[in-house]
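The values are calculated or read from the model by the stated rules, or taken from the named source; none is laboratory data. Keep in mind the model is a prediction, meaning the values are calculated, not measured. Note that we place each Cβ from the backbone using ideal geometry, even for glycine, and neighbour counts take in every protein chain shown.
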Number of protein chains: 2
Amino acid sequence: MLKQSTDVIVKALKEKGLRVTPQRYAVYANLRNRADHPTVEQILKDLNQDLPISSQATIYSSLQALRDVGLVREVLLEEGVSRYDANVSPHHHFRCDCCGDITDIPWHSLPELSLESLPPGLHAQTYEVTVKGLCEPCYRHSLSASG
Amino acid sequence: MLKQSTDVIVKALKEKGLRVTPQRYAVYANLRNRADHPTVEQILKDLNQDLPISSQATIYSSLQALRDVGLVREVLLEEGVSRYDANVSPHHHFRCDCCGDITDIPWHSLPELSLESLPPGLHAQTYEVTVKGLCEPCYRHSLSASG
DNA sequence: TTCCTAAATAAGAACTATTCTTATTTAGAG
DNA sequence: CTCTAAATAAGAATAGTTCTTATTTAGGAA
């Protein structure tokens, strides 16, 4: 199933004018194949678990290149670390207060917000909602712990 | 006008069981008296501009104490730095894409969101909206630059 | 008011995520 | 196949934050 994405990934990189290097390919493929929003450390560990594929510095520079062309975006929901997301179409995020896990919320799962009555002088272009609460595992755990 | 807040601040700290130290008082008072969402560096500079009031380490620990009791919250909207906000009642944020300035958006400036149709397994408790765009100065600047 | 002790502060070392530097390697155009 | 601009690896450097320890202090008790 990774094979299917190969063309797509190479094509995406080339369309954006990026050279297709093994490291850059691996970083982007990794991001596309996971639903969480990994940190650089997690990507590094994942890529190099069997054989060395990329150094940490190169993961940073690959992510920067991918961000510059709009294939990847940075997600800031936690103190001190950046997380990365290959889903660049508009969507919202859910963050578990307990374990910190981040889940995408499809754009249309929430009603469209009218930005009509913002305070004056704010020229809005986009918005995004961050929902906080408990994910299923943490929710169950909290039930059994307190009840 | 600062005088007016004195009682309020001392009272707030005591109610939360915090010792009232000059440093802690100064940090909280400073946060309450400004509308932006300063970084530790900005608070440090502001507090010590005339005479030395607090070290950087103490600002960190004061903020931690204030956060622990719910008088202050952390705002994460920028890579690499935490910002702090003494407004702990629910509200949204506007972030200027150009200069990075952050403005509070009153809760009722945006319609209440229904969290009914979230993906299953997400137990939502709160949410908050981040609106991005241009603030007035940057907007005007962009007009005159491109037109 | 004075004393006492747990808590807070200052200063700087330590830590961690990220960026920068430089020598080496390589993708991909010609 | 060659060539060159761009990418990589490795580690040094940087910046924000946390930790450590000796000293000071807030505020309750005597």
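Please go through segment A:12-24 and pick out each residue that is touching a helix residue (DSSP H, G or I) at 6+ places or on another chain (Cβ under 7 Å) and near DNA strand D (Cβ under 8 Å from one of its atoms).
The answer is A:L18, A:Q23, A:R24.
Keeping to segment A:79-119, report how many residues are away from DNA strand D (no atom under 16 Å from the Cβ), facing chain B (nearest Cβ under 8 Å) and under 30 Å from B:Y139 (Cβ atoms).
9
Given the conditions (1) farther than 26 Å from A:R140 by Cβ; (2) within 15 Å of DNA strand C (Cβ to nearest atom); (3) in a loop (DSSP other than H, G, I, E, B), which single one is not true for A:Q49?
Every condition holds for A:Q49 apart from (2).
Identify the single condition in (1) surrounded by 14 or more Cβ atoms within 10 Å (Cβ to Cβ); (2) within 22 Å of B:H93 (Cα to Cα); (3) within 11 Å of DNA strand D (Cβ to nearest atom) that B:L71 does not satisfy, given that it satisfies every other one.
(3)
Residues being over 26 Å from A:C99 (Cβ atoms) and free of Cβ contacts under 8 Å to residues at least 24 places away in the same chain: count how many of those fall in segment A:22-54.
Within segment A:22-54, residues that are over 26 Å from A:C99 (Cβ atoms) and free of Cβ contacts under 8 Å to residues at least 24 places away in the same chain number 4.
Could you grab me the full set of residues in segment A:77-118 that are under 22 Å from B:G133 (Cα atoms), surrounded by fewer than 18 Cβ atoms within 10 Å (Cβ to Cβ) and of a type in the set (A, V, I, L, M, F, W, C)?
Within segment A:77-118, A:L77, A:V88, A:W107, A:L113 qualify.
For segment B:10-17, check the following and say yes or no: at least one residue is outside the structural domain of B:E136 (by TED's automatic domain parsing) and assigned to a strand (DSSP E or B). Can you show your working first?
If we filter segment B:10-17 for residues that are outside the structural domain of B:E136 (by TED's automatic domain parsing), which is where we start, we get B:10-17.
Among the residues that remain, those that are also assigned to a strand (DSSP E or B) are: none.
The answer is no, given that none of the residues of segment B:10-17 is outside the structural domain of B:E136 (by TED's automatic domain parsing) and assigned to a strand (DSSP E or B).
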